[in-house]
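One structure is given here, and the rest of the page talks about it.
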Amino acid sequence: MSKAILIDTTKCIGCRACQVACKSWNDLKGGKATFSETWSNPRYLSSNQFTRIIFREISSPDGQLHWHFISRRCMHCHDPACASACPVGALIKMPEGPVVYDDGKCIGCRYCMMACPFQIPKFQWESAVPLVRKCTFCADRQAINLAPACVTTCPTGTLLFGDRPELLQEAHRRIGAQPGRYYPEVYGEKIAGGTSKLFLTAVSFEELGLTQAGFRTDLGNTPQGLRGREWMSKVPYVALAVGGLAVGLHYMNKRRAEVHAGERQEDENDG
Amino acid sequence: MAEKIEKWYPGEGKLTTGWAIIYVILVLGFVSACARLFLGLGATTNLSDAYPWGLWVSFDILAGVALAGGGFTMAAAIYIFNLKKFEPLLRPAKLSAFLGYMMFVVGLFFDLGQPWRIWHPLVMWNPHSVLFEVSWCVMLYTTVLSLDLFIIGLERYGKQSWIKFFRDIYLVLVVAGIMLSTLHQSSLGALFLLMPQKMSDLWASGAIGPLFFTSAVIGGMSVVTLESLISARVYKRKQELGILSDLGKGLGLVLLVYFAMKVTDLYARGVTVWVWDKAHFFFFVELFGTVALPALLLCFKEVRQSAKGLYWAAGLAAFGVVLNRFNVSLTSYGGYRQISYFPSFIEIIITLAMVALGIVIFDLGMKYLPIYKSELTVEH
């Protein structure tokens, strides 16, 4: 059964314990915090930062300010664009849910980074032997029947780990039970073919202003990788057609030239 | 042409300014390449998580391969469409195509995070990946081009029995070359099918594969034209204006087809064209300045029959292909990224050094290989 995490952002208090737990479990170096115009810290995901909380201050129509804390991490798509893009198959979707990366295969072409619609894979730019890094959905913890580190550490129950169909049911139950509390759509249910991260938010991602920051809403419900696979499915036929045409035209044009030359010869003989 | 030259540097007579610049760039390039390999991509390039692909992908890989389209275009014209009059242009086209693909391979070597794993796609397969197909096609086609050059080399050393063997199988090489080129030239565009939302509407087209293929034909034909004109001047040979003006007619035709394809595609997708911003500026330059303008120029007989006219038309067309590749892979993301990208000094130097190396190898090829000899041409 495919696992997922339900992220109920209305329960998040922005404590960032998930960020810390993620760093501890994955043995990632701590970064230097700096002041900026936002409370979000660090500012971006990186090869050293697999998850972070985005802080958003949005005023509702009645003029009241509301905090929104949105956890950002790999969506672990059902049909990941990165896995379709990778030329050596270093990225694969496990039936259990995680999209995992094979350090030993990667050639460092960075096509996964270009292809990912959620801008998730990050590169170890500072290294002379760089690899791609991203959230692993704690595949190593799941293998020994532990929940992901972020879920285990979350103090408010924002993160709920479980089987995806059940989590979806729970998400829709919550929306139905408290319609005023939630935007009536589960981000990740259908987008880009569905993901293993399901987001419940108070307002839409457009309103949160995050469509350019990794939570695109214009992706449609078909997986991005499908376009590449459709192209690849045509390749053998194109190869055969071009090859056949080339050989056929070669002999046809050669014969035509010969006939033409022969006719000219005859004309000369006649004359 | 084949006599031994007792000098450590190529070129005629004393060391000219041009060659001096080339050597300086090569030395700088060598140092930069070492720095890139030992210090890593982050330290030596301006690439980042926001711009994983930069100058090397845009120029060395995308533009380099498109400009090297002359090899398969000329082979198709001569062997498939039986246009024998273009035969004198075939060998220089192959030499420059080979250099274009070497540039791809070397450029990719420096661009990859783990260059020593460049062989991985050979044994680690992902048949779903467009890039997997591109890497196989490029590997095979580079092999075909190397064989082509090898045959030319055999002629220089008069190995007749070997040449006969290759003549017998030559059609296989030609057809393989055309097939592989069609596939990877279009698939390089198809790489961008996966990320239409990240790109500007101006270039995020479902028809990007056929568009890339057509513009590669343009790139190939215009480079063959420029190459013939420039080498005639440099190596004091007679200009082949008669053939080139015929080729110019073909180039004009392909440019018109490409322009029609672009316009149809934009119209069919309902793209807002008449807006003024940075992306649109580059788009207008590309579509009108480097596709429509050379097509228009080549409509005139006077342009087609003068070296200067052909220089301009082919130069604009070739520049247009390069600009298109930059637009697709860099400009297109301008509206989407918060950060902008400009290549670092080392990125630029390594690219320039590869161009310089290409010039040196081309010069050696012109001196030591029967590139413009017609009496030994492989016949069919």
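The values are calculated or read from the model by the stated rules, or taken from the named source; none is laboratory data. Owing to the predicted nature of the structure, the values given are computational and were not obtained by experimental measurement. Positions of Cβ are backbone-derived with ideal geometry, glycine not excepted, and every protein chain shown enters the neighbour counts. When the accessible area is computed, the model is the full protein with side chains, heavy atoms only, and any ligands, DNA or RNA have been set aside. Shrake-Rupley method; radii C 1.70, N 1.55, O 1.52, S 1.80 Å.
Longer than 22 Å from Cα to Cα, which of B:K94/B:K238; A:K11/A:K122; B:K262/B:K301 are they? Say none if no pair is.
A:K11/A:K122; B:K262/B:K301
Checking the cross-link pairs A:K93/B:K278; A:K32/A:K134; B:K159/B:K249; B:K159/B:K236 against a 31 Å limit on the alpha carbon distance flags A:K93/B:K278; B:K159/B:K249 as lying beyond it.
Across A:K134, A:K254, the residue with the most accessible area heads the list, and the full order at a 1.4 Å probe is A:K254, A:K134. Helix A:164-177 and the long axis of chain A differ in direction by around 50°, with both axes built from C-alpha atoms.
Evaluate E = 1/(1 + (r/R0)^6) for A:A257 and A:T152, where r is the Cβ-Cβ distance and R0 equals 56 Å; express this FRET efficiency to the nearest 0.05.
Numbers: r = 77 Å, r/R0 = 1.38.
Calculated transfer efficiency: 0.15.
Averaged over the residues of A:250-259, the number of partner chain Cβ atoms lying within 10 Å of the residue Cβ comes to 3. When the helices of the protein assembly as shown are scored as -39500 (n - 2.57) per DSSP H run of n ≥ 4 and the total is divided over every residue, the value at 222 nm lands at -16500 deg cm²/dmol. Every Cα-Cα pair in the protein assembly as shown was counted, and those over 34 Å apart are 50% of them. Between A:L240 and B:A307, the modelled labels are 5.0 nm apart [label points 7 Å from Cα along Cα→Cβ]. Restricting segment A:1-109 to chymotrypsin sites (Phe, Trp or Tyr not before Pro) that sit in a DSSP loop and have at most 12 other Cβ atoms within 10 Å of their own Cβ leaves A:F35. For chain A, the Cys residues with no second cysteine's beta carbon closer than 4.7 Å are A:C12, A:C15, A:C22, A:C77, A:C86, A:C106, A:C109, A:C116, A:C138, A:C154.
Any idea what % of Cα-Cα pairs in chain A are farther than 24 Å? Taking all Cα-Cα pairs of chain A, the fraction more than 24 Å apart is 57 percent.
Entry for segment A:133-185 at q = 0.14, 0.17, 0.21 Å⁻¹: log10 I(q)/I(0) = -0.49, -0.68, -0.88, Debye formula applied to identical alpha-carbon scatterers, no solvent contribution.
Helices from chain B with mean Kyte-Doolittle at least 0.0 and a Cα length along the axis of 27 Å or more, per DSSP H: which? Spell out each step's value before the answer.
On the way: long enough: B:17-39 (32 Å, 1.99); B:90-111 (31 Å, 1.17); B:130-156 (39 Å, 1.41); B:170-190 (30 Å, 1.41); B:208-234 (37 Å, 1.39); B:241-268 (39 Å, 1.26); B:307-329 (33 Å, 0.83); B:345-368 (34 Å, 1.92).
Membrane-span-like by this criterion, though nothing is claimed about a membrane: B:17-39, B:90-111, B:130-156, B:170-190, B:208-234, B:241-268, B:307-329, B:345-368.
Peptides A:234-240, B:289-295, B:67-73 ranked from most to least packed, by the mean per-residue count of other Cβ atoms within 10 Å: B:67-73, B:289-295, A:234-240. Dividing the convex hull volume of the alpha carbon atoms of segment A:224-271 by its residue count gives 46 Å³ per residue. Spherically averaged projected area of the convex hull of Cα atoms, chain B: 19.9 nm². Round to the nearest 10 and give me the degree value, 0 to 90, for the angle of helix A:17-26's Cα axis relative to the longest principal axis of chain A. Between the helix axis and the principal axis of chain A, the angle is about 60 degrees.
Working note: Karplus 6.51/-1.76/1.60 with θ = phi - 60° gives segment B:66-72 the couplings 5, 5, 8, x, x, x, 6 Hz, where Gly and Pro are set to x. Heavy-atom accessible area buried between chains B and A is around 5000 Å² (1.4 Å probe, both sides summed).
Computed from backbone phi with θ = phi - 60° and the Karplus coefficients 6.51, -1.76 and 1.60, the 3J(HN,Hα) list for segment B:74-86 is 5, 4, 5, 4, 7, 8, 8, 9, 6, 8, 5, 5, 7 Hz; x is used for glycine and proline.
The simple spin-label model puts a point 7 Å past each Cα toward its Cβ; for B:A207 and B:K238 those points are separated by 4.3 nm. Cα convex hull, segment B:153-272: 163 Å³ per residue, rounded to a whole number. As a fraction of the 1.4 Å probe accessible area of the protein assembly as shown, surface on carbon and sulfur atoms comes out at 65 percent.
Applying D = kT/(6 pi eta Rh) to segment B:250-380, where Rh is the Kirkwood radius over alpha-carbon pairs, T corresponds to 4 °C and eta to 1.567 mPa s, the Stokes-Einstein value obtained is 72 µm²/s.
Solvent-accessible surface of the protein assembly as shown, averaged per residue with a 1.4 angstrom probe and all protein chains in place: 44 square angstrom.
Amide H contacts of A:R133 (H built 1.01 Å from N, in plane; Pro and chain starts excluded): A:K122, A:F123, A:Q124 sit under 5 Å, all sequence-distant by 5 or more or on other chains.
Considered as an equivalent ellipsoid built on the Cα gyration tensor, segment B:224-269 has semi-axes of 33, 10, 4 Å, the largest given first.
Regarding segment A:75-143, what whole-number volume in Å³ per residue does the convex hull of its Cα atoms give?
87
At the residue level, B:R156 shows approximately 80 square angstrom of accessible surface with a 1.4 angstrom probe and all protein chains present. In segment B:18-368, Cα pairs under 8 Å separated by at least six residues give a relative contact order of 29 percent. Helix A:225-270 axis versus longest C-alpha principal axis of chain A: approximately 10°, rounded to the nearest ten. Peptide A:114-121 shows a mean partner chain C-beta count of 5 within 10 Å per residue C-beta.
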